[in-house]
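Every read-out reported here was derived from the displayed coordinates using simple, explicitly stated rules and does not represent laboratory data. The structure presented is a predicted model; accordingly, all values stated were derived computationally and were not measured. Every residue, glycine as well, gets a Cβ built from its backbone with ideal geometry; the counts of neighbours run over all protein chains shown.
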Amino acid sequence: MKDWEMKTTGYHHGAKRSSSHDSFSFYIDESSPVGPEQTDAVQNFVSVFGTVAKKLMRKWLATQTMNFSSQLEAGVRFFDLRISTKPRDPDNELFFAHGLFSATVREGLEQISSFLSAHAREVVFLDFNHFYGVQNLHHEKLVSMLRDVFGEKLAPVVFAQEVSLQYLWEKEYQVLVFYHSPMALEVPFLWPGQMMPAPWANTTDPEKLIQFLQASVADRRRKGTFFVSQVVLTPKASTVMKGVASGLRETITERALPSMMLWIRAQRPGESGINIITADFVELGDFISAVITLNYHMDDEEENAT
């Protein structure tokens, strides 16, 4: 167990967890079909230019360079997950997807479970927030898969204010699954998606992003939920055209990193402050260590209050 984990007293009331945006996108497969959520324009672009188009797409769709195991070892504990079926797949297999298909869901979950089995006091949040081409039978398959892979590690739903590391350790729970689908109402270990809001700025401008993040944190006050601050810039079509061969990391993320890190380091935990912070390319700069360090500010505030 890492020293910083021993210092945190709760998840909802302040504890910081580093998290990755489109956590699975390291696995994006250029030979896969285009995802069903993509527009007709994208579908047509790929049908005309084939493999070349997919290679260019990957530069803008892959937001992480580390696989699940590497992210876990580095300190990431919150995973942003988007699930899709493949058209006309007789096996009804479930895949992670972001424009193009990635690894199978079972493969990713088993990597996470192996890490948890080797680290009994670690806890992860799995946020299933987009479903593409997923019908009831696929939801049932995913729920069954979660039971099979994680078993008694799955934490049943309680009020967010009740969730602390001490509570999770005592119950030996290691996985909180947030599920943005009505299916969450039917399964005791599926936490409703509204308990993990993650407002999205949808801008390429770092200044506008910071303004949005500040307003979102202020609006979070005492809503009784977990909360994700997405320190993520989103390219427009014109941005992609200008940097088509460079990709997301070089064109946007690396250039904005200094101002993003300044904002992160200035944050403080608490019910009116930061909870979970997510970003692209989490290995850049010292994003992960900076987020984890925020936990120490929580301890300082508690000491000053006593």
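Things to note:
- The range 7-305 - percent relative contact order, Cα under 8 Å, separation 6 or more: 25 percent
- The trypsin sites (Lys or Arg not before Pro) of the range 78-107 that DSSP puts in a loop, and whose beta carbon has at most 13 other beta carbons within 10 Å, are ARG88.
- 28 Å Cα-Cα threshold exceeded, pairs from LYS141/LYS236; LYS208/LYS242; LYS86/LYS242; LYS55/LYS236: LYS141/LYS236; LYS86/LYS242
- Restricting the range 122-206 to chymotrypsin sites (Phe, Trp or Tyr not before Pro) that sit in a DSSP loop and have at most 14 other Cβ atoms within 10 Å of their own Cβ leaves PHE159, TRP200.
- Charges were assigned to the Cβ only: +1 to each Lys and Arg, -1 to each Asp and Glu. The resulting dipole of the range 111-188 about its Cα centre is roughly 120 debye.
- Inter-label distance, nm, simple model (7 Å from Cα along the C-beta direction), GLN135/ASN92: 0.8 nm
- Using the Cβ-Cβ distance between LEU262 and TRP200 with R0 set to 25 Å, the FRET efficiency works out to roughly 0.75.
- Projecting the Cα atoms of THR104, GLN267, SER70 onto the charge dipole of the range 7-305 (Cβ charges, centred on the Cα centre) puts GLN267 farthest toward the positive pole.
- Inter-site label distance for LYS242 and LYS208 at 7 Å from Cα along Cβ, in nm: 1.2 nm
- Sequence-distant contacts, meaning Cα pairs under 8 Å at least 6 residues apart, place the relative contact order of the range 58-193 at 24 percent.
- The charge dipole of the range 7-305, taken about its Cα centre with unit charges on the Cβ atoms of Lys, Arg (+1), Asp and Glu (-1) only, comes to about 640 debye.
- All Cα-Cα separations within the range 122-205 were binned at 10 Å from zero, giving a P(r) of 16, 47, 27, 9, 1, each value a whole percent of the pairs.
- Extension gain for GLU186-TYR167 works out to 4.5 nm (0.36 nm per residue, less the C-alpha to C-alpha distance).
- One chain, two ends: SER272 and ALA74. Fully extended at 0.36 nm per residue, the span grows by 68.6 nm beyond their Cα-Cα distance.
- Shown is the FRET efficiency for VAL158 and ALA120, computed with R0 = 25 Å from the Cβ-Cβ distance and rounded to the nearest 0.05: 0.75.
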